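The next block holds one structure in the form of structure tokens; read it before the comments.
The values are calculated or read from the model by the stated rules, or taken from the named source; none is laboratory data. Remember, it's a predicted structure, so these values are computed and weren't measured experimentally. Ideal geometry is used to build each Cβ from the backbone, glycine not excepted, and the neighbour counts take in all protein chains shown.
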Amino acid sequence: MRIITGKFKGRKLFAVEGLTTRPTTAYNRAVIFNVHSQFDGARVLDLFAGTGSYGLEALSRGASWVDFVEFSSAAISVLLKNINLVGAQDDCHVWRKRAETFLKKAEPAWDIIFLDPPYDKNLVNPCLELIFERGLLAPGGVAIAEHSSKEGIAESLAPKILKHKAGKTGSFTLLGSAPGD
């Protein structure tokens with residue numbers, strides 16, 4: 001697993017051993033980063049961060065700050081190694097929390113929020129609902145969810161869908177504020 005482009009291009013990231021964390025492939029990251037490519041100066045939230053590949057790719061492409069949220073101790077250990085590997089210690093913060101707990105108390109608004117929860121665990125929709133209910137996206141911000149094709153986006157969130165794309169191993173949905181919100 002490597003950083004695709006930007007100032008960290010080609011850096012090979014460490015991965016979590018075993019099957020507890022599903023790493024996002026370079027192909028799937030390329031799909032997402034081709035769908036949304038505006039990162040200059042962005043504040044980013046990487047929920048279910050795992051190895052940090054989404055947030056680190058965003059930093060590589062010009063994001064100014066990333067908040068990583070992860071609960072697994074094994075994943076956090078690898079995430080910290082990856083942050084050190086690219087020298088991004090001053091450009092991010094790692095929160096050891098469950099995503100929903102973090103979102104219920106979060107204050108700042110982010111320009112981009114990545115969600116890559118474990119597939120088929122009914123986590124993507126509750127998190128997206130909290131993001132929009134609590135106004136956690138900055139004006140013009142987007143939430144980018146990678147989710148199982150079996151786990152669709154809730155009907156209540158349909159007006160917020162800006163783009164949807166099916167990938168090789170899952171689906172990607174880009175959501176933002178609906179007109180008039």
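Can you pull out every residue in the stretch 45-68 that is touching a Gly at 6+ places or on another chain (Cβ under 7 Å) and among the β-branched types (Val, Ile, Thr)? Residue satisfying the conditions is VAL66 alone. In the stretch 10-25 there is no residue matching the filter, namely being of a type in the set (Val, Ile, Thr) and modelled with pLDDT of 95 or more. Selection over the stretch 53-79 of residues that are outside any helix (DSSP H, G or I), surrounded by 18 or more Cβ atoms within 10 Å (Cβ to Cβ) and in contact (Cβ under 8 Å) with a residue 40 or more places away in the chain gives a count of 3.
Pick out the one residue from ILE144, ILE83, ILE131, ILE112 that is within 14 Å of the chain's Cα centre (by Cα) and not in a strand (DSSP E or B). Step by step, each of ILE144, ILE83, ILE131, ILE112 is checked, and only ILE131 is within 14 Å of the chain's Cα centre (by Cα) and not in a strand (DSSP E or B). Check the stretch 96-109 and report whether any residue there is at pLDDT below 95, surrounded by 14 or more Cβ atoms within 10 Å (Cβ to Cβ) and in contact with a strand residue (DSSP E or B) (Cβ under 6 Å, 6 or more places away or on another chain). Yes, that holds for at least one residue.
The residue list ILE131, ILE144 contains one member that is closer than 18 Å to THR51 by Cα, β-branched (Val, Ile, Thr) and buried (at least 18 other Cβ atoms within 10 Å of the Cβ), which is ILE144.
Among residues of the stretch 147-173 being within 23 Å of THR101 (Cα to Cα) and hydrophobic (A, V, I, L, M, F, W, C), the one that is nearest to the chain's Cα centre (by Cα) is ILE153.
Got at least one residue in the stretch 97-105 being over 19 Å from ARG61 (Cα atoms), touching a Leu at 6+ places or on another chain (Cβ under 8 Å), touching a residue at least 12 places away in the same chain (Cβ under 8 Å) and not in a helix (DSSP H, G or I)? Checked the stretch 97-105: no residue is over 19 Å from ARG61 (Cα atoms), touching a Leu at 6+ places or on another chain (Cβ under 8 Å), touching a residue at least 12 places away in the same chain (Cβ under 8 Å) and not in a helix (DSSP H, G or I).
May I ask you to verify whether ASN82 is under 17 Å from GLU57 (Cβ atoms), out of contact with any strand residue (DSSP E or B) (no Cβ under 8 Å at 6 or more places or on another chain) and in contact (Cβ under 8 Å) with a residue 24 or more places away in the chain? Answer is yes for this residue. Looking across GLN38, GLN89, one residue alone is modelled with pLDDT of 90 or more, surrounded by fewer than 15 Cβ atoms within 10 Å (Cβ to Cβ) and polar (S, T, N, Q). It is GLN89.
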